[in-house]
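First the structure, in the form of structure tokens, and then the observations on it.
The values are calculated or read from the model by the stated rules, or taken from the named source; none is laboratory data. Please read all numbers here as calculations on a predicted model, not as lab measurements. Here Cβ is always computed from backbone atoms with ideal geometry, including for glycine, and neighbour counts include all displayed protein chains.
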């Protein structure tokens, strides 16, 4: 049986669908082409910076020492900003210009952008016969140092880098439920739908300030580069840890675990008490009861509480303490453990104000977001009479607790 006009209608529908498909394909190809063009442009900038005139050394780097060529950013940036003479800062300026263009959304404080990852070569034999080739110039990049110095990141918190605008993390707040039903029950099973939410990530400026002597910066040593990177990483790691553990959510701070309304808290007493193994097990039970023990759990607390838990028996009359060390790695109740001065202490509970925080959690559920790269600004005048140069660092980060019930904490542990 033939329906009049059916074939024509099908051809129209097919034609419309094909045009929509072609339009979607064209848009995707255009977006891909734009991204490729941006990558080509950035690659051309880098290639122009690394042209070789046949000497084996890139043209912009020929004014640098071998060590400076391998580590041209931190120490070079300081010397450039304070008006270094008889030095070629072409690579430094070109790199800063390229980063400024790529991260155009970053605020400009008048300083220099420093890559978070700077590759440095290992030993080589291109030095002179005086033994230059024996010097190792491998330097960990800022990201590696940041992870090593930030306790939250070291315990597994997720580092979400490379962001270029505000972002959100989608969350499933409730899931579909099921039930056993009899055969042909006569009524429909109750429908339950998943529900979703999101956590907003907004760049918040982190700033740190330190100072170095002019004499230190005059030395052409890879150790200076390593020292500056390590100091910068320590400064920012301390700020990140503080935000992760006790961020207030006000004064441009993100909300940390201590102040998050949905992180379970196990109370020890009306005035606080010494921690016990049973109380610590309650933290494990809380996370498991919320089906949030998604992987290896880890503990973080204060140095004072570590000392206390080393003297706290695992059970009544036991000789084994709660806090132990295996092959140099700290463990609490058999799970990885670490300490940080950034963990809240001196907390008030009832009549006492000497309480400490103990946190257990699945740390990948905590997100540390980073926008762009670090910016350095320099002031050679504030401490000129001391021969010191002030350096301030800027970076945009945010903290998000992706799954609050993956953590549990004690806020009233006392060293008594």
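Filter segment 294-306 down to the residues that are surrounded by 14 or more Cβ atoms within 10 Å (Cβ to Cβ) and assigned to a helix (DSSP H, G or I) and list them by number. Residues satisfying the conditions are 304, 305, 306.
Given 380, 364, 344, which one is out of contact with any helix residue (DSSP H, G or I) (no Cβ under 7 Å at 6 or more places or on another chain), under 27 Å from residue 263 (Cα atoms) and touching a residue at least 12 places away in the same chain (Cβ under 8 Å)?
364
Against the condition closer than 21 Å to residue 260 by Cβ, out of contact with any strand residue (DSSP E or B) (no Cβ under 7 Å at 6 or more places or on another chain), in contact (Cβ under 8 Å) with a residue 24 or more places away in the chain and outside any helix (DSSP H, G or I), how does residue 370 come out, does it pass? No.
So that you can scan it fast, the table gives a plain yes or no per residue for (1) farther than 25 Å from residue 96 by Cβ; (2) more than 19 Å from the chain's Cα centre (by Cα):
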| site | (1), (2) |
| --- | --- |
| 351 | yes, yes |
| 363 | yes, no |
| 366 | yes, no |
| 370 | no, no |
| 375 | no, no |
| 378 | no, yes |
| 393 | no, no |
| 399 | yes, no |
| 415 | yes, yes |
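What is the one condition in (1) at pLDDT below 75; (2) surrounded by fewer than 17 Cβ atoms within 10 Å (Cβ to Cβ); (3) within 19 Å of the chain's Cα centre (by Cα) that residue 145 does not satisfy? If we test residue 145 against (1) at pLDDT below 75; (2) surrounded by fewer than 17 Cβ atoms within 10 Å (Cβ to Cβ); (3) within 19 Å of the chain's Cα centre (by Cα), just (2) comes out false. Per the listing 267, 261, 285, the residue uniquely out of contact with any strand residue (DSSP E or B) (no Cβ under 8 Å at 6 or more places or on another chain), closer than 21 Å to residue 406 by Cβ, in a loop (DSSP other than H, G, I, E, B) and at pLDDT 90 or above is 261.
Restricting the search to segment 270-282, which residues are loosely packed, with under 15 Cβ neighbours inside 10 Å and touching a strand residue (DSSP E or B) at 6+ places or on another chain (Cβ under 7 Å)?
To start, the set of residues in segment 270-282 that are loosely packed, with under 15 Cβ neighbours inside 10 Å comprises 270-271, 278, 281.
Scanning segment 270-282 gives a single hit, 271.
For segment 307-328, which residues satisfy the criterion of being at negative phi, assigned to a loop (DSSP other than H, G, I, E, B) and either without any contact (Cβ under 8 Å) to a residue 40 or more places away in the chain or surrounded by fewer than 16 Cβ atoms within 10 Å (Cβ to Cβ) (or both)? Answer for segment 307-328, where residues must be at negative phi, assigned to a loop (DSSP other than H, G, I, E, B) and either without any contact (Cβ under 8 Å) to a residue 40 or more places away in the chain or surrounded by fewer than 16 Cβ atoms within 10 Å (Cβ to Cβ) (or both): 311, 312, 314, 315, 316, 318, 319, 320. Is it true that residue 156 is in contact with a helix residue (DSSP H, G or I) (Cβ under 8 Å, 6 or more places away or on another chain), surrounded by 10 or more Cβ atoms within 10 Å (Cβ to Cβ), closer than 30 Å to residue 381 by Cα and at pLDDT 75 or above? Spelling it out, it is not the case that residue 156 is in contact with a helix residue (DSSP H, G or I) (Cβ under 8 Å, 6 or more places away or on another chain), surrounded by 10 or more Cβ atoms within 10 Å (Cβ to Cβ), closer than 30 Å to residue 381 by Cα and at pLDDT 75 or above.
Residues of segment 224-244 that are in contact (Cβ under 8 Å) with a residue 24 or more places away in the chain, in contact with a strand residue (DSSP E or B) (Cβ under 7 Å, 6 or more places away or on another chain) and closer than 18 Å to residue 341 by Cβ: 235, 236, 239, 240, 243, 244. Look at (1) modelled with pLDDT of 95 or more; (2) surrounded by fewer than 20 Cβ atoms within 10 Å (Cβ to Cβ) and you find that residue 291 fails only one, number (1).
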